[in-house]
Amino acid sequence: MHSFEIAAPDRGLENALRNKVDRKTKPLGALGQLESLAVQIGLIQQSLAPQLSNPQMLVFAGDHGAAKAGVSVYPQDVTWQMVENFLAGGAAINVFARQNGLGLSVVDAGVAHDFGDERDGLIDLKIAHGTANYLEQPAMSVAQCAQAIEQGAGVVLGLAAAGCNVVGFGEMGIGNTASASLITHCLSGAPLAECVGRGTGLDDAGLARKEALLARALSRYRAAGGEDDAFAVLAEFGGFEIATMVGAMLAAAEAKMVLLIDGFIVGAAALVASKLAPELLDYCVFCHRSAEAGHAAQLRAMQAEPLLDLGLRLGEGTGAALAYPLLQAAVNFLNEMASFESAGVSDQT
């Protein structure tokens, strides 16, 4: 498997960046999280005048063998039907990406459907027609998991070569909140009950059934000697879309890009990637606080403070696309806002 060389940003510029922020015509700290965001992007790019170039959204799609066991209220066919909706431009992520000037591509990492020959906007990285059912066996083989990571890395390296320095992550896959719940439990240490939510809209009985099924999957894994190693957990319970996203994130951090982290499913991929390479977190902007139950455990585990809290739980990368204008605002105030000196404004109290 590709060996990722991810280094934490050199903090030598930090004082200069903070001084530039502090000398703007405003009270100290008055722009709140935008100030720390400006410093973060400046450090990632090692620049006092950072620029956001050719921003791209990637939506990773895959199916889950466990979805047929009742962990979701929706049938599995919704995955490929939503991919068609993305390709037709009709989903929420299409609307928000268009609105905010973000390029958008869909990655078929393992949808249980054939989309035909080359399609505009679709990147075919299909490993199989969905994962195996982790209630009975590992979701994917070690080789499949490594292949997914490798292929995800390749997509982002292509974006970087085309001048992209900010990439947003989204996903689609019926059953993937269950997969993310298991990953979150194993890698955050939070109790399973805190990591399991309603997903696409389970009622109380459905939620109880989902939690019982996931507890059964965990028992099988533990009985087989399963450990809380990030790669092993990913192969055991992940989806091809999650594993491919892990590779894409690792490559994006290696290429010193800004990573826009969406909600719960993307958060599970970020949790795996950060366990494999802790320095990755320096490149991540956590875009919103998901209404999905397990997201809080992820944010605690990664010591992340998201930008938005809108009660979102749609996925698709919608939270990342909605947060992107805040990155633009952070970079723009750093580059364009007058300083006390340049504006001739007194900052004496």
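Please treat every number below as a calculation from the coordinates, not as lab data. Predicted, not measured: the structure shown is a model, and the values here were computed from it. Glycine also receives a Cβ, built like all others from the backbone with ideal geometry; neighbour counts cover every protein chain displayed.
General observations
- Charging the Cβ of each Asp and Glu at -1 and of each Lys and Arg at +1, and nothing else, the dipole of the chain about its Cα centre rounds to 580 debye.
- Placed amide H near L308: partners under 5 Å, 5+ positions off or other chain: H288, R289
- Think of the range 68-175 as a dipole: +1 on every Lys or Arg Cβ, -1 on every Asp or Glu Cβ, centred on the Cα centre; then among L122, Q144, G89, G89 lies furthest on the positive end.
- Here the Karplus relation 6.51 cos²θ - 1.76 cosθ + 1.60, evaluated at θ = phi - 60°, turns the backbone of the range 130-137 into coupling constants of x, 7, 6, 7, 6, 6, 10, 6 Hz, with x for every Gly and Pro.
- Reported label for calculated Rg/Rh (Cα atoms, Kirkwood Rh) given (i) 0.96; (ii) 1.02; (iii) 1.00: (iii)
- The chain: most fluctuating residue of G70, G175, G32 per GNM, C-alpha cutoff 10 Å: G32
- For the chain, built as a Gaussian network whose Cα springs stay under 10 Å, the top-fluctuating residue of A61, A217, A268: A217
- Cross-link partners of K20 among aspartates and glutamates (Cα-Cα below 13 Å; sequence separation of 8 or more within a chain): E35, E336, E341
- Across the range 164-176, coupling constants 3J(HN,Hα) worked out from phi with the 6.51/-1.76/1.60 Karplus curve, θ = phi - 60°, read 7, 10, 9, 10, x, 10, x, 8, 8, x, 4, x, 7 Hz, and Gly and Pro carry x.
- Multiplying the residue separation of R11 and A291 by 0.36 nm and removing their Cα-Cα distance gives an extension gain of 97.4 nm.
- Centroid-to-centroid separation of the range 43-93 and the range 147-194 [C-alpha atoms, Å]: 10
- Once C-alpha pairs closer than 8 Å and six or more residues apart are averaged by separation and normalised to the residue number of the range 56-329, the relative contact order reads 26 percent.
- Peptides 118-126, 298-306, 177-185 ranked from most to least packed give 177-185, 298-306, 118-126, packing being the mean of other C-beta atoms within 10 angstrom over each peptide's residues.
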